[in-house]
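Each remark here refers to the structure printed beneath this line.
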């Protein structure tokens, strides 16, 4: 417990140091940028991005520091402006999964069922058996659009799948 307190205290002191340095060295930039975007997107997602909307360097550093203790939970649960479908890692996971399982996925999409197709549906956010089944049926119906030729590679397959809103949209609407 003492070790955790020590690291939290160090993180707090480091954050204050960064904040003070930023205030001192970037005050002119902060004033100039204060009228710019108010999305808080520079700090990422988490509690800080919800509380602090000013897009100055100083405020974004403060927002990012505020995000630190809650960000893992927010990403895992999809709360605090953290949406799993918007994460780059989710897109990379889909791409990697399709690259590794392209042939099996091609067969399963043509049938409209299969374990790897269910996993792909889950990667797109279908978290129930019902939504995975709907995803599978819609993918089967769009098979020729997703895999127009036998030489369709994994990257083209993912691109084509992403264009099929009737397929990928199922996971976001159920």
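Rule-based calculations on the coordinates, nothing more; no lab input. Bear in mind that the values here come from a model prediction, so they are computed numbers and not experimental data. So basically every Cβ, Gly included, is an ideal-geometry build from the backbone, and we count neighbours across all protein chains shown.
Each of 100, 58 was scored by other Cβ atoms within 10 Å of its Cβ. Listed from fewest to most, they are 100, 58.
Over every Cα atom in the stretch 85-173, the radius of gyration and the widest Cα-Cα span, Dmax, amount to 11.4, 32 Å.
Ordered by the count of other Cβ atoms within 10 Å of each Cβ, fewest first, 3, 120, 51 give 3, 51, 120.
Annotation: the residues 135, 97, sorted from fewest to most other C-beta atoms within 10 Å of their own C-beta, follow the order 97, 135.
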